[in-house]
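Student: Below is a structure I'd like to ask you about.
The values are calculated or read from the model by the stated rules, or taken from the named source; none is laboratory data. As the structure is a prediction and not an experimental result, all values here were calculated from the model. Because the Cβ atoms are built from the backbone with ideal geometry, glycine has one as well, and the counts that use them run over all protein chains shown.
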Amino acid sequence: INLGRRGMESWCSTLIEEKVFFQLLWLEGGAYLWIGSGDHRLDSLAVGVPASAGARGRAATPSATTLLGGHEGDAGSQRLAQRLSSKVGRPIFVSLNLRDDPQLRLFAEREAVAALTARVAAPSTTSASGAAGLERLSSLALDAAPSQAVPAAP
């Protein structure tokens, strides 16, 4: 899938008896991912931006920061944004709104990684840098697009 496409996808996955809801909004050059429980809150928002190739062609650590909320004891959105931007090679905004349970958050991260990597082609060596991706995000114009269900992982 070309990240230039715009639209929204929503799905729900279950860990034991706990439902985890996902909403993925495709942006120009990146994505916004909301993960939460049934109360639909927005506790925090973070962004991860992939780093350009470092010395000798090795990728450097992506940058990430919290934009909204997130108390000092919980940097889950920021960590997830950093890991996801590294995996997909594009800027990713993340709002992680789950209770602080390592097993639940690991499950949510795996679901998010699977969904994003299944839809994003690996970035080429000539792809735009994270900074250029943020410039495209700043000129965002959303189109109404039909939702597509994402199959839940087995």
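Here's the yes/no breakdown for (1) assigned to a loop (DSSP other than H, G, I, E, B); (2) modelled with pLDDT of 90 or more; (3) surrounded by fewer than 17 Cβ atoms within 10 Å (Cβ to Cβ); (4) at negative phi:
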| residue | (1), (2), (3), (4) |
| --- | --- |
| 38 | yes, no, yes, yes |
| 48 | no, yes, no, yes |
| 72 | yes, no, yes, yes |
| 78 | no, yes, no, yes |
| 84 | no, yes, no, yes |
| 106 | no, yes, yes, yes |
| 110 | no, yes, yes, yes |
| 117 | no, no, yes, yes |
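Student: Another question, if that's okay. For segment 86-104, how many residues meet the condition of being among the aliphatic types (A, V, I, L, M) and either loosely packed, with under 15 Cβ neighbours inside 10 Å or over 16 Å from residue 45 (Cα atoms) (or both)?
Tutor: So the count comes out to 2.
Student: Can you pull out the residues in segment 1-23 that are in contact with a Gly (Cβ under 9 Å, 6 or more places away or on another chain) and modelled with pLDDT of 90 or more?
Tutor: If the condition is that a residue be in contact with a Gly (Cβ under 9 Å, 6 or more places away or on another chain) and modelled with pLDDT of 90 or more, then 19, 20, 21, 22, 23 are the ones that fit.
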